[in-house]
Amino acid sequence: MSYKIAPVRSRRKPTDAELAILRVLWTRGPSTVRDVAEAMGREGAYTTVLKLMQIMTDKGLVKRDDSTRSHVYKAASSEDKMQKQLVTDLLDKVFAGSAAKLVLQALDAGKASPEELAEIRKLLDAHRGKSSGGSR
C-alpha cells in the first residue's frame with residue numbers, strides 16, 4: 001500500500017464533519033469511503049463523504065492509498081496527537097495559555113463522570129510528584 005499525504009504546509013485543523021470521519025477512521029482503521037459512510041449512518045450521502053475525504057487528503061488530515069480500485073483512507077495523525085493539537089489551539093486562543101482556566105471551565109460544565117474525576121485526581125497527584133522533583 002502506498003498512502004499519499006499532502007505537504008505539511010497545507011495541514012489545517014478539522015471541521016466538525018471532518019472530525020466525525022476521523023473518529024470512524026480511528027475506530028475502524030484504514031477504510032474505504034463506503035465503509036466510513038456506512039459507519040456514520042450516511043450510506044445515502046456517499047458523494048458528500050467522498051468529497052469531504054478528498055478535501056481532508058488535501059489538508060493532510062488523512063492519507064489515501066490509491067493502489068486499489070477502492071481507495072483506502074487512514075487518519076494521518078493518531079487520535080491522541082490530534083486531541084493534543086486541538087487542545088493546544090483552544091488553550092492558546094480562548095484561555096490565553098492558561099491550563100487552569102481550561103480545566104476549571106471543563107469541570108464547571110459538569111460533564112465529568114466520577115470515574116473521570118478519579119482519573120483527573122490521579123493525573124494531578126502524578127503531576128504534583130513530578131513538579132516537586134520527588135524530594136520533600
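The values are calculated or read from the model by the stated rules, or taken from the named source; none is laboratory data. A quick note: this is a predicted structure, and the numbers were derived from the prediction, not measured. Virtual Cβ from ideal backbone geometry, glycine too; neighbours counted across all protein chains shown.
Summary of computed values
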item: Complete set of residues in the stretch 69-115 that are of a type in the set (A, V, I, L, M), within 20 Å of the chain's Cα centre (by Cα) and surrounded by fewer than 11 Cβ atoms within 10 Å (Cβ to Cβ); result: ALA99
item: Elements of type helices (runs of 4 or more DSSP H) in the stretch 51-131, at least 2 residues being touching a helix residue (DSSP H, G or I) at 6+ places or on another chain (Cβ under 8 Å), under 19 Å from LEU19 (Cβ atoms) and outside the structural domain of ASP35 (by TED's automatic domain parsing); result: 79-94
item: Filter result for VAL33 (in the same structural domain as ARG12 (by TED's automatic domain parsing), within 21 Å of THR15 (Cα to Cα) and not small (Gly, Ala, Ser)); result: yes
item: Test: TYR46 is modelled with pLDDT under 95 and surrounded by fewer than 15 Cβ atoms within 10 Å (Cβ to Cβ); result: yes
item: Which numbered condition ARG64 misses (of (1) surrounded by 16 or more Cβ atoms within 10 Å (Cβ to Cβ); (2) free of Cβ contacts under 8 Å to residues at least 60 places away in the same chain; (3) not β-branched (Val, Ile, Thr)); result: (2)
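Condition check ((1) within 16 Å of ARG12 (Cβ to Cβ); (2) in contact with a Phe, Trp or Tyr (Cβ under 6 Å, 6 or more places away or on another chain)) across all residues:
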position: VAL49; (1), (2): no, no
position: GLY60; (1), (2): yes, no
position: ASP65; (1), (2): no, yes
position: SER78; (1), (2): no, no
position: VAL103; (1), (2): no, no
position: PRO114; (1), (2): no, no
